[in-house]
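**Student:** Here it is: the structure, laid out below.
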Amino acid sequence: MTTSRLISSLVIMALGSIASAQEMGFEEYDPQSTLVVPENPVTSAKFPFVDAHNHQWRQRMTPENVDQVVKDMDALNMAVMVNLSGGSGDELKEVIAKSKARYPDRFAIFANPSYEGIDDPGYPERTAAQFEVDVKAGAQGLKIFKNLGMYVFDPLGRVRVDDPRLDPLWAKAGELGVPVLIHVGDPAQFWLPHDKFNERWLELKERPRRTRDGDPSFDQLIKEQVNVYRKHPNTTFIIAHFMWMANDLDRLAG
């Protein structure tokens, strides 16, 4: 190969590399920082703390796994973990036996209601009574997953967050003096057009199933949950994820 051909080949290869870099999609772009500064990683909290939002699923609660969780908590200086995935009835008792019974001062367990048979006439009182049984068994609160309001249905359609059939359950939590940690809906950006203006574009590109449209709207879900809070002033509600308004604290405060 002559010198001129070699140079031409190298130029073509370089141009090809540049063109390839320019054609890279945003989701593949993962730059490595060149910043050089002293690092001071903090691996343990200065003061003992409570993790108020954790999920330890019953199926993974082997003695070995629970022991490892406690070791990890010790390393972080985590005093107490609130496990929001306690279930109800026998499932709750199993979760308590596998964790809180072995480490009484390290775990708090929240129960989860069932919506099965919500169209039955006796559902409201039955569900509230079951929660009282769960509290007597060791549950220290009630956790509501985001399926309520979005994925729970009865024969007539979507079950609203403020469905009156759930009023006895909210009231029972207030009567028993235990909190309700409630997660309603998703970030508002999931309902917006998936375009260049959406700040969650990359997340929705990687997880398209998170895209929302139609009923219920974000504002509708906000309205329904606020109706519950206003109707039950004697019940303590812990609202997960800042009600998806951490980006607009004035609206949240209102």
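**Student:** What are the residues whose amide H is under 5 Å from the amide H of D154, where those residues sit 5 or more places off or on another chain and H is modelled from the backbone?
**Tutor:** Here the answer is V159, since their amide H atoms fall under 5 Å of that of D154.
**Student:** Can you spot the lysines whose alpha carbon is less than 24 Å from K143's alpha carbon? Ignore those fewer than 8 places along the same chain.
**Tutor:** K93, K98, K100, K172, K223, K231
**Student:** Just to be sure I follow the definition: excluding the sites themselves, where is the longest run in the chain that has none of the trypsin sites (Lys or Arg not before Pro) in a DSSP loop with at most 10 other Cβ atoms within 10 Å?
**Tutor:** Working: sites that count: K46, K196.
Counting at most 10 other Cβ atoms within 10 Å as exposed, the longest clean stretch of the chain is 47-195.
**Student:** Probe radius 1.4 Å, ligands and nucleic acids left out: which of D134, D72, D67, D30 has the largest accessible area, and how do the rest follow? Working shown, then result.
**Tutor:** Values: D134 5, D72 75, D67 45, D30 110 Å².
Per-residue accessible area, sorted high to low, gives D30, D72, D67, D134.
**Student:** Pairs of alpha-carbon atoms within less than 8 angstrom and 6+ residues apart define the contacts here; what relative contact order does the stretch 50-122 have, in percent?
**Tutor:** 36
**Student:** Further question: For Cα pairs less than 8 Å apart in space and 6+ apart in sequence, what is the mean separation divided by the residue count of the chain, i.e. the relative contact order in percent? It would help to have the intermediate numbers written out before the result.
**Tutor:** On the way: 315 pairs, mean separation 33.8, N = 254.
Relative contact order of the chain: 13 percent.
**Student:** Loop only by DSSP, 12 or fewer other Cβ within 10 Å of the Cβ. Give me the chymotrypsin sites (Phe, Trp or Tyr not before Pro) in the stretch 102-179 that pass, ordered by residue number. Numbers along the way, then the final one.
**Tutor:** On the way: sites: F107, F110, Y115, F131, F145, Y151, F153, W170; in loops: Y115, F145, Y151.
Taking the stretch 102-179 and a limit of 12 other Cβ atoms within 10 Å, the loop chymotrypsin sites (Phe, Trp or Tyr not before Pro) found are Y151.
**Student:** Taking amide H positions as placed 1.01 Å from N in the peptide plane, with prolines and chain starts having none, which residues 5 or more places from I238, or on another chain, fall under 5 Å of its amide H?
**Tutor:** Distant-sequence amide H within range of I238: V180, L181, I182.
**Student:** In deg cm²/dmol and to the nearest 500, what is the mean residue ellipticity at 222 nm of the chain if only DSSP H runs of at least 4 residues count, each as -39500 (n - 2.57), divided by the residue total? Walk me through the intermediate numbers first.
**Tutor:** Working: 8 runs with 93 residues, N = 254.
Computed ellipticity for the chain at 222 nm equals -11500 deg cm²/dmol.
**Student:** Still on this model: Ignoring the sites themselves, what is the longest stretch of the chain with no GluC sites (Glu not before Pro) in a DSSP loop and at most 10 other beta-carbon atoms within 10 Å? Write down the numbers at each step before the final one.
**Tutor:** Working: sites that count: E23, E39, E116, E199.
The longest uninterrupted stretch comes out as 117-198.
**Student:** While we're here: For the chain, what % of the accessible area comes from carbon and sulfur atoms, probe 1.4 Å? Show your work: numbers first, answer last.
**Tutor:** Details: 8890 of 15850 Å².
Whole-percent figure for carbon plus sulfur exposure: 56.
**Student:** Here is a follow-up. Write down the accessible area per residue of the chain in Å², having rolled a 1.4 Å probe over the full set of protein chains.
**Tutor:** Per-residue accessible area for the chain comes out at 62 Å².
**Student:** Using the beta-carbon distance between Y103 and D154 and R0 = 41 Å, what value does 1/(1 + (r/R0)^6) give for FRET efficiency, to the nearest 0.05? Numbers along the way, then the final one.
**Tutor:** Working: r = 39 Å, r/R0 = 0.96.
With a Förster radius of 41 Å, E is 0.55.
**Student:** Further question on the same structure: Out of all DSSP beta bridges with both ends in the chain, state the antiparallel percent to the nearest 5. Provide the component values of the computation, followed by the final result.
**Tutor:** Values: 2 of 17 bridges.
Roughly 10 percent of the DSSP beta bridges within the chain come out antiparallel.
**Student:** Once both labels are modelled 7 Å past Cα along the beta-carbon direction, what's the N77-D30 spacing in nm?
**Tutor:** 3.3
**Student:** Next question, about the same structure. Using a Gaussian network model of the chain with C-alpha springs under 10 Å, which one of F237, F197, F218 is most mobile by mean-square fluctuation?
**Tutor:** Per the Cα network of the chain with a 10 Å cutoff, F197 tops the list.
**Student:** HN-Hα J couplings of the stretch 130-135 from phi, Karplus 6.51/-1.76/1.60, θ = phi - 60°, integer Hz, Gly and Pro as x?
**Tutor:** Going residue by residue, I get 5, 5, 5, 4, 5, 5 Hz, with x marking Gly and Pro.
**Student:** Once the convex hull of the alpha carbons of the chain is built, what does its volume come to per residue, in cubic angstrom?
**Tutor:** Numbers: hull volume 60.2 nm³, N = 254.
Dividing the Cα hull volume of the chain by its residue count gives 237 Å³.
**Student:** Output the relative contact order of the stretch 28-165, whole-number percent, from Cα pairs under 8 angstrom with separation of 6+ residues. Don't jump to the answer; show the numbers that get you there.
**Tutor:** Details: 174 pairs, mean separation 27.5, N = 138.
RCO, the stretch 28-165: 20 percent.
**Student:** Ok, one more. Go through the stretch 202-215 residue by residue and turn each phi into a ³J(HN,Hα) via Karplus (6.51, -1.76, 1.60, θ = phi - 60°); whole Hz please, and just put x for glycine and proline.
**Tutor:** Going residue by residue, I get 5, 4, 6, 5, 7, 10, x, 5, 7, 5, 10, 8, x, 8 Hz, with x marking Gly and Pro.
**Student:** Still on this structure, I have one more. Calculate one ³J(HN,Hα) per residue across the stretch 167-175 by plugging θ = phi - 60° into the Karplus curve 6.51 cos²θ - 1.76 cosθ + 1.60, and present them in order as whole Hz with x for glycine and proline.
**Tutor:** The phi angles translate into 4, x, 5, 4, 5, 4, 4, x, 4 Hz.
**Student:** Which residues' amide hydrogens lie under 5 Å from the amide hydrogen of G141, considering only partners 5 or more residues apart or on another chain, with H built in the peptide plane?
**Tutor:** Here the answer is A111, since their amide H atoms fall under 5 Å of that of G141.
The values are calculated or read from the model by the stated rules, or taken from the named source; none is laboratory data. Worth saying up front: this structure is predicted, and the values here are computed from it rather than measured. When we count neighbours, we look across all protein chains shown, and the Cβ atoms used for this are built from the backbone with ideal geometry, even at glycine. With ligands, DNA and RNA removed, areas are computed over all heavy atoms of the protein, side chains included. Shrake-Rupley method; radii C 1.70, N 1.55, O 1.52, S 1.80 Å.
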